[in-house]
Each structure stands twice: as structure tokens, then as C-alpha cells.
Amino acid sequence: METWDTQLRKGGLELAVLLLLWRHRMYGLELLTSLGQAGFAVSEGTIYPLLNRLSTQGVISAEWVTGESGHPRKYYRLTASGLEQASRMVRQWTEFASAIDALVENNRFSLERVAPQKGAKA
Amino acid sequence: MQPESHVLLREFNRRLRAALKDAPNHVRVEATLEVESHVQDVLSRGRGTEPEPEQVACILAGFGTPEEYASALTSQLPEAASATVMSGVKDMLTAGTDLVHGSGRLILAIGRQAFALIESAVRSAVAGARWALPRLVMAADAVRGPLWSARDLVVAGGRHAGVGAAHLAEKARAASAVAFRTGRSARRLGEDCAQFAGRTAGLAGRALRWTFRLLAMAALAVLALISLGVAGFAALAPDIAGFFVHAFQTEVGLFLDAIRAETIARYAPGNPAAYVQTGTAVVAGALTVAIALAGLLGFMLWSARRRRGSLTG
């Protein structure tokens, strides 16, 4: 179960990063914090390699900025191809989620029988 | 940042760079800068209550060990490209090594072969020299005699030729001197002949002139004698002289009459007056022509005499 959940989150992490960068640029810690708030508890050892890969692929672009913090920060933003890829991934996710939702809906009664309801006696 | 935090960060980055030694330089630089920037960002938020070095250690722990983080970073690089690059580099190194080895072996083989060839050539040359040297000495001895004789012959021939050439040159010089003298003689002869011819022509001219003079003088003398004779005859025998004069006048008159009649008949038949006019005109014209000719002749003679005088003068 943990492995499936981990895989699921791993699979969705890239889309989550692209969606977070959709509106504006962000730096590493900012992304980590936002992902944590979205339910993606990832570590630095996971997010930074992912950002480097996406940058190498040209999905995102990175630039060092020395701002108010006084030390340089690496900001990431979506590129044009990153926008296209994010849109594609959203479509695919929507189809996938719809398919799963449909399966869940079809088997609702079965699931309700298996999963105990709140307050229901065993 | 506190010194202990710096130490932890530096150590982490040192190990991270070591683990990324095969990665491109910009990857190493970016990775260490990113770690440092992240640590500073977390510290600047100031959430933790632990001492700063412990916070830094906790942050760094989120990256995993430097080796694990480096592995995660490099595994995210385009695998095909790096593998191809590494494989290609390995292949190149292997090929280069093989090439160097092969080239070395080839050079060695060529060197050995060349050395063997040179050695064989030297041996052959030495053997050939050993065989040929005595024979060359013998041949040289055999040839030397005739050579010296030939040399003497050539020297003698040359000497004779030189003598002959000198003799010929002397002859040529003598002949040219003779020719020169002959030429000079011919020139002198020509001059002499010309002078002689000139003198002869001069003499001839002079003789001719004297001849004419003599003839003229003779003619004048004859005329004078005749005149004297006539005058004497007329003085001594007036009757006979008168008879001859009368006869002469008659003959001249008859002659003139004949001329007049002929002239009238030819140019003015039946018009004697025209004859007189014509005759007068003819006589006048003839006299004029004669006078003109005489004048011209006299002028030519005078100018010739004057020119001769200027040439000789």
C-alpha cells in the first residue's frame, strides 16, 4: 500500500510542480512549502533533482536572483514547452481521474460494504 | 551563519563535489550553490528553535547524504546522452590506445625491416667492394700506361697544333700585310692613274685649245694673206681686180636674184613687195638670231673662264 501511494505521489509530483509554477516563478524552498501544503511531503533530495531534470529538459527555466534576502536564490519558471507539457499532462490526468472516478462510482455500493462507515457497528 | 554551520555546509558541499567529479563543472557549481541557498532560505525563515548548526544538519539531512544527492542529480541527467558520451569516450580511449599500440608495433616492425634492409645493403656493398677493389687496381695499372701515352700524345699533338696555329697565324699576318701593301699599291696606282689621266686630259685639252688657236690664227693668217693679196692685186692691177670685183658682184647679184626669185615663188608668188618685206624680215630675224647666239656664246665662254679662275685661284 505504501509503495503504491508513494508511486502515485511520485507520478503526480511532476504535474504538481508544473501546476505550482504555472502562475509565477518560485524558488526551491517556496516550492517545497507549497507542495507540503498541497499534500506532497517531499524532501530536498527529491525536489531539487526533479527541478534539475525539468530544467535540463527545457520544461522549466532557472535563473539566479540576488534579491532582498541578500544571498542568491535560484528561481524557476515554466517555459513555453513547459506550458504545453503541463496542459497535456492535465488533460491526461483529467481523463485518468475520470476513469478512476467512474470505476469508484460504479463500485460504490461494494466499497461501502467493505469499508465501514463512520459510526456504523461492525 | 555561525561557524559551525559553515563547517557543516562546507563539508557537505565538499563531499558533494567529490561525488560529482564525473559530472560537468556547471552541475557541480549549481548543486553546491543550490544547497547553500536552500540552507540560508530555511534559516532566514527562523522557524526552528534548535541551535543553528542542528538546524543546518537537519536541512542537509533532507538532501540525503552528499553521495545519494549526487547520484540523484546525475541520474536525472539525460541518461542516453551521458552513457553515449561515456561509452564514446571509452571507445575513443580504447581506440586511441589500440592505435598507439598498433602504430608502435607497426613502427617497430618497419624499423626492424628497414634495419635489416640497411644491414643487408651494407654487407652487399662491403662484399662488392672487397671483390672489386683488387680488380680495379689491376685495371688501373693496365689502363695507366695507355693513359699516360695518350696523355703524352695529346700533349704533343697539342704542342704541334699550337705551333702550327702560330705558324698559320704568322702566315696569315704576312698575307694580310701583303694584302695591305697590295691594296695600298693599288690605291696609289689608282691615284697615279687618275693623276695621269687627269694630266693627260689636261694636256689633251691644252693641245686642243692650242690646235684651235693655231687653226684660228692660221685662218686669220690666210684671210690676212688673201686680204693682202687682194689688196695688193687691186693696188697693183686695178683693171684685173676691177674685173674680178665686177664678176664677183655679178655672181653675187645673180645669186641673190636667184634666191629672191625662189623665195618669191615659194612664199609670195606674184607679190614682189611681199618678198621685200619677207626678205627684210628674214634677214632681220637671222641677224637677230646670230647676234643673240654670239652674245650667248660669249657669255658662256666668259662665265666658264671666270669659274675656272675661281677653282684654280
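Details
Each row is one residue, and each column tells you yes or no for (1) part of a loop (DSSP other than H, G, I, E, B); (2) of a type outside the set (Phe, Trp, Tyr); (3) within 11 Å of chain A (Cβ to nearest Cβ).
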| site | (1), (2), (3) |
| --- | --- |
| B:VAL7 | no, yes, no |
| B:ARG10 | no, yes, no |
| B:ARG14 | no, yes, no |
| B:GLU30 | no, yes, yes |
| B:HIS38 | no, yes, yes |
| B:SER44 | no, yes, yes |
| B:GLU50 | yes, yes, no |
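- Contacts under 9 angstrom Cβ, first residue in segment B:66-85 being more than 7 Å from chain A (Cβ to nearest Cβ) and surrounded by 11 or more Cβ atoms within 10 Å (Cβ to Cβ), partner part of a helix (DSSP H, G or I) and modelled with pLDDT under 50, 6 or more apart: B:THR74/B:SER82
- Residue match in segment A:46-56 (condition: within 11 Å of another protein chain (Cβ to nearest Cβ) and in a loop (DSSP other than H, G, I, E, B)): no
- Tally, over segment A:68-85, of residues that are without any contact (Cβ under 8 Å) to a residue 40 or more places away in the chain and either at positive phi or within 11 Å of chain B (Cβ to nearest Cβ) (or both): 5
- Complete set of residues in segment A:35-45 that are surrounded by 14 or more Cβ atoms within 10 Å (Cβ to Cβ) and at the interface with chain B (Cβ under 9 Å from one of its Cβ atoms): A:GLU44, A:GLY45
- If the condition is being surrounded by 20 or more Cβ atoms within 10 Å (Cβ to Cβ), within 14 Å of chain B (Cβ to nearest Cβ) and part of a helix (DSSP H, G or I), then segment A:7-34 contributes A:VAL17, A:GLY28, A:LEU29, A:LEU31, A:LEU32.
- Yes/no for B:ALA18 being more than 8 Å from chain A (Cβ to nearest Cβ), in a loop (DSSP other than H, G, I, E, B) and either more than 17 Å from A:VAL65 (Cβ to Cβ) or not hydroxyl-bearing (Ser, Thr, Tyr) (or both): no
The values are calculated or read from the model by the stated rules, or taken from the named source; none is laboratory data. Only a predicted model underlies this, so the values are computations on that prediction, with no experimental measurement involved. Because the Cβ atoms are built from the backbone with ideal geometry, glycine has one as well, and the counts that use them run over all protein chains shown.
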